[in-house]
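The values are calculated or read from the model by the stated rules, or taken from the named source; none is laboratory data. Predicted model, so just to flag it, every value in this text is computed and none were measured. Virtual Cβ from ideal backbone geometry, glycine too; neighbours counted across all protein chains shown. Heavy atoms of the whole protein, side chains included, go into the accessibility calculation; ligands, DNA and RNA do not. Shrake-Rupley method; radii C 1.70, N 1.55, O 1.52, S 1.80 Å.
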Amino acid sequence: MKPVLVKGSEAIALGALEAGCRCYFGYPITPQNEIPELMARELPKRGGVFLQAESELAAVNMLLGAVSTGVRAMTSSSSPGISLMAETFSYLAALELPAVVVNVSRGGPGLGGIEASQGDYFQATRGAGHGDYHFLVLSPASVQEAYELTAKAFELSEKYRQPAMILTDALLGQMKEPLLPRRLRVREYPKDWALTGARGRPARVLKSLFLGPGELRARNELLQKKYRAMRREARAEVLYAEGAELAVCAFGSLSRIVKEAVEMARKKGYPVAFVRPITLFPFPEKPFRELSLRGVRFLVVELNCGQMVEDVKLSVCGRAEVESFALPPSDLPAPEDIYRRIRRCLRKR
Amino acid sequence: MSPKKVKPPFTFPRSLTERPFHYCPGCHHGIAHRLLAEVIDELGIRERAYGVASIGCACFLYYYYDVDICEAPHGRACAAATGAKRARPELAVFTYQGDGDFAAIGLTESLHAAARGERITAIMINNTVYGMTGGQLSPTTLPGQRTTTTPEGRDPRVYGYPLKVAEILAQFPGVAFCARVAVNTPKRVLEAREALRRAFLAQLEERGFGYVEFLSACPVNWKLDPVSAARKVDELTETFPLGVFRDLT
Ligand SMILES: Cc1ncc(C[n+]2csc(CCOP(=O)(O)OP(=O)(O)O)c2C)c(N)n1
Ligand code: SF4
Ligand SMILES: [Mg+2]
């Protein structure tokens, strides 16, 4: 198999097609237009459906309708469009629908900008919409991983009957890298809830209104139980943990720059580890817990004003010092910028 | 003489469950429900029906129909129906929405679904108020009509004029059937049933979007007894004339 040179956004679309995505609904927004454009070319050829909606609000509700019938479907957008979808995210979670949503995020708040930003970390991991719910959130760091995690998102969303999000940003979305479009095994799960017409079976209902005494509490407890079960899907990339005094943490495309800085530091003999959460929800608490128990400190680097750092703090539970290196969106840092901060951090001791 | 089998003149629709309606006395939602069930039965589409329950007094739609039903957020029924129909074109997809759901918060989704000629059937229960939330102003409230948020009556200088949704949709090439009906007389009930049937034929024959708007009494929020509320529907027809505005079936 020959690698192809594609953008991260295109890799996401290809990953979705590889996973058997049948329907795409979306509304144009930079920097993710490569996804709908690729889907508009490819889906009809494969007997699937591409539909440009009149808004993100319409798109996400078309997605709700499509996945309710048991077919694999997705939408993609960027930050402001994702905000507009928030109410329906809550419904998707409440109806336990395996919808896949991609956020190629950009700078905010407001119209912000179209540069790379990780300012939607809270929005993605805390739910964005109303009520107690979560999306399963995956964040790739390379074009190859964008392809593979998107396919994985389809599988996990069906496994848990649970909406899933790919959270990436303009940097990875627009960056070209070689992609090996290898065949992926995407497991199927029984869809005994799908609305396909009540032929030879009782009618099915997908609803989220529970007014009977105790009903809503039971419903919430069921969802929470599922979120706890999802913890086993937590994934992180951990490097150089042996003998480390400081663990530098980052997710998504920024982690590439951070990894380079960590390697620079290690070449100079600094005992630095690298931790990259791949699932943002469930958050991979384990490596953080283990490192903190060994007295390792943390430096959390993010392209926002400091969001993931809260999850790191929750994971280490006060056992270790956690420092935030928050880089609000505008320019990307150079590895040297991060290297200098690592050095400063280590010298503090 | 062998006893002849006579088809009973009045049977319980197969597509309706036996659960008693929760609607207020004199509410017309119940009549519309029954007609919809009869039409689903007559067209033989119960086993491939997909209904979208919207947010409003009829949000419990799924309790009353023995067909697959999905709930959509307030106003988004036509978008959800679009997704379901595009994903599985073999389904007979319908929405059941109020005037607030269809024509206020969801107007964009409703108009665009109609403009695209989605093969879905939209049923809109126009009771000129937000019934479920206690009778506030809706996009179809009549000038001068008192609601809880227009206590002195709808003032056109403040709120403009009611939206005539059926007339708007009738101009869309993608709309294959579009009618406004009422159910406050037996004759009108029969006409409403026929309109519903055609609104389904619009999608079953692949012609386009089907729409039926019911002028529907809301005695509770109109502060009238059921009989006066049914009569009041006649007054509504002055602003909202009954009839078939477009029919390609
Ligand atoms: C996003 C959102 N906004 C507001 C509401 C509150 N709400 C519930 S039903 C409704 C209006 C329903 O009116 P209509 O669609 O005319 O239906 P009816 O109850 O009159 O049959 C409103 C505003 C809601 N559920 N969701
Ligand atoms: S409030 Fe009005 S529309 Fe709602 S059930 Fe009662 S009468 Fe019917
Ligand atoms: Mg109403």
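What are the residues in the range B:95-118 that are open to solvent by 10 Å² or more (accessible area, probe 1.4 Å) and away from chain A (no Cβ under 13 Å), if any?
Going residue by residue through the range B:95-118, those that are open to solvent by 10 Å² or more (accessible area, probe 1.4 Å) are B:98, B:104-105, B:107-108, B:111-112, B:115-116.
Passing the criteria: B:98, B:104.
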**Message:** Any residue that is at pLDDT 95 or above and part of a loop (DSSP other than H, G, I, E, B) - is there at least one of those in the range B:90-99?
**Reply:** yes
**Complete:** When (1) buried (at least 17 other Cβ atoms within 10 Å of the Cβ); (2) of a type outside the set (Lys, Arg); (3) without any contact (Cβ under 8 Å) to a residue 60 or more places away in the chain are applied to residue B:186, the one that fails is (1)
**Message:** Looking at the range B:207-222, I want the residues that are closer than 15 Å to residue B:101 by Cβ and open to solvent by 10 Å² or more (accessible area, probe 1.4 Å) and have a partner that is within 15 Å of ligand 1 (Cβ to nearest atom) and assigned to a strand (DSSP E or B) with Cβ atoms under 8 Å, at least 6 apart or on another chain. Which pairs are those?
**Reply:** B:218/B:129
**Request:** Answer with yes or no whether residue B:76 is at pLDDT 95 or above, within 18 Å of residue A:86 (Cα to Cα) and within 7 Å of chain A (Cβ to nearest Cβ).
**Result:** yes
**Residue among B:176, B:199, B:170, B:192 that is farther than 19 Å from residue B:234 by Cβ, more than 16 Å from ligand 1 (Cβ to nearest atom) and within 15 Å of the chain's Cα centre (by Cα)** = B:199
**Prompt:** When the residues of the range A:18-74 are filtered to those that are touching an Asp or Glu at 6+ places or on another chain (Cβ under 6 Å) and closer than 20 Å to residue A:92 by Cβ, which remaining residue is most open to solvent (accessible area, probe 1.4 Å)?
**Reply:** A:27
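So if I check each of B:61, B:16, B:91, which one is closer than 28 Å to residue B:163 by Cβ, within 12 Å of chain A (Cβ to nearest Cβ) and not hydroxyl-bearing (Ser, Thr, Tyr)? Explain how you work it out, then say what you get.
Numbers: B:16 fails: closer than 28 Å to residue B:163 by Cβ; B:91 fails: closer than 28 Å to residue B:163 by Cβ.
Criteria check complete, one pass: B:61.
How many residues, within the range A:182-240, are of a type in the set (A, V, I, L, M, F, W, C) and either within 14 Å of chain B (Cβ to nearest Cβ) or assigned to a loop (DSSP other than H, G, I, E, B) (or both)?
The qualifying residues number 13.
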**Prompt:** Just checking, which of B:140, B:149 is of a type outside the set (Phe, Trp, Tyr) and surrounded by fewer than 17 Cβ atoms within 10 Å (Cβ to Cβ)?
**Reply:** B:149
**Fill in**
Checking B:175, B:165, B:183 in turn, the sole residue that is within 19 Å of residue B:123 (Cα to Cα) and touching a Leu at 6+ places or on another chain (Cβ under 7 Å) turns out to be B:175
**Message:** Please determine whether any residue of the range B:28-38 is assigned to a loop (DSSP other than H, G, I, E, B), in contact (Cβ under 8 Å) with a residue 12 or more places away in the chain, within 16 Å of ligand 2 (Cβ to nearest atom) and charged (D, E, K, R).
**Reply:** no
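Does residue A:65 meet the test of being in contact (Cβ under 8 Å) with a residue 40 or more places away in the chain and either assigned by TED's automatic domain parsing to the domain that holds residue A:112 or outside any helix (DSSP H, G or I) (or both)?
So residue A:65 fails the test.
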**Item:** All positions within the range B:53-72 that are part of a strand (DSSP E or B) and within 12 Å of the chain's Cα centre (by Cα)
**Value:** B:53
**Item:** Subset of the range B:22-43 [away from ligand 3 (no atom under 16 Å from the Cβ) and either open to solvent by 80 Å² or more (accessible area, probe 1.4 Å) or over 20 Å from the mean Cα position of the chain (by Cα) (or both)]
**Value:** B:25, B:42
**Request:** Inspect the range A:35-56 for any residue being of a type in the set (Ser, Thr, Tyr), within 8 Å of another protein chain (Cβ to nearest Cβ), farther than 16 Å from residue A:15 by Cα and touching a residue at least 40 places away in the same chain (Cβ under 8 Å) and give the result as yes or no.
**Result:** no
**Complete:** Being surrounded by fewer than 18 Cβ atoms within 10 Å (Cβ to Cβ) and either under 27 Å from residue B:90 (Cα atoms) or assigned by TED's automatic domain parsing to the domain that holds residue A:313 (or both) narrows A:239, A:216, A:180 down to just A:239
**Message:** in contact (Cβ under 8 Å) with a residue 12 or more places away in the chain and within 30 Å of residue B:22 (Cα to Cα): is that true of residue A:254 in this structure?
**Reply:** no
